[in-house]
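First the structure, in the form of structure tokens, and then the observations on it.
The values are calculated or read from the model by the stated rules, or taken from the named source; none is laboratory data. None of these values were measured; they are calculated from a predicted model. Every residue, glycine as well, gets a Cβ built from its backbone with ideal geometry; the counts of neighbours run over all protein chains shown.
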């Protein structure tokens, strides 16, 4: 569904990604794990057009994404749930969710998609009139995820959803990821919690120093060896 071929990308003269090749299959949840500085967030930003790659190709359903603007990606069925939530703090929960329905072809479905979001995240329905800046970290993450779903994406990119959250909230977030996968949403999950990532993923890529160093089905991965590779204890 989404292919990345020989990708190099970075920030100005600083290259971060080196000849990265990835394949995200339709209907699967693919986890990308790796230490800080591995290039995981840079990869997602490059897919979304926030960074222009220096080399390589990004292909969505056999159509190259080269030259596509970031604000066109939702129309193409791609949504990013960014690291750090990035909500509009002085707007209500429901106003934040409504912004997720920005694509013209999704505006008519606003009411239906709000109900879908509230069914997935019942706490948000209770707080729909509350200012987003007053929410807890877990509730804010739910808003970010629900907002990303408002455009009815065919592929959902999620960057570090468990960051800074209590274990009980992490369990709830990953339960929602399982539900979305069962509903047929293709998910690319960047996550440092390897145990949780392996528990929900179909396939796992590990990145280190801007390169892919592991590519395996999740059920074939030994968590001990994964951690050795993660911390560069194994070449």
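Can you find a residue in the stretch 74-92 that is part of a helix (DSSP H, G or I) and either surrounded by 20 or more Cβ atoms within 10 Å (Cβ to Cβ) or more than 20 Å from the chain's Cα centre (by Cα) (or both)? Scanning the stretch 74-92 turns up no residue that is part of a helix (DSSP H, G or I) and either surrounded by 20 or more Cβ atoms within 10 Å (Cβ to Cβ) or more than 20 Å from the chain's Cα centre (by Cα) (or both).
Among the conditions (1) in contact with a strand residue (DSSP E or B) (Cβ under 8 Å, 6 or more places away or on another chain); (2) farther than 26 Å from residue 214 by Cα, the only one that residue 101 does not satisfy is (1). Taken over the stretch 199-235, the criterion of being under 22 Å from residue 178 (Cβ atoms) and exposed (fewer than 13 other Cβ atoms within 10 Å of the Cβ) is satisfied by 217, 219, 220, 223. Inspection of the stretch 118-125 finds no residue satisfying the criterion of being surrounded by fewer than 16 Cβ atoms within 10 Å (Cβ to Cβ), more than 17 Å from the chain's Cα centre (by Cα) and over 16 Å from residue 94 (Cβ atoms).
Listed by position, the helices (runs of 4 or more DSSP H) enclosed by the stretch 107-199 that each have at least 3 residues that are in the same structural domain as residue 222 (by TED's automatic domain parsing) and within 27 Å of residue 26 (Cβ to Cβ) are 167-182. All of (1) closer than 26 Å to residue 226 by Cβ; (2) touching a strand residue (DSSP E or B) at 6+ places or on another chain (Cβ under 6 Å); (3) surrounded by 15 or more Cβ atoms within 10 Å (Cβ to Cβ) hold for residue 26 with one exception: (3). Looking across 154, 129, 116, 106, one residue alone is modelled with pLDDT under 95 and in contact with a strand residue (DSSP E or B) (Cβ under 7 Å, 6 or more places away or on another chain). It is 154. Pairs meeting the criteria (first residue in the stretch 99-125 and closer than 17 Å to residue 145 by Cβ, second residue at pLDDT below 85 and in a helix (DSSP H, G or I), beta carbons under 6 Å, at least 6 apart or on different chains) are 101/107. Being surrounded by 15 or more Cβ atoms within 10 Å (Cβ to Cβ) and at negative phi is a description that applies to residue 100.
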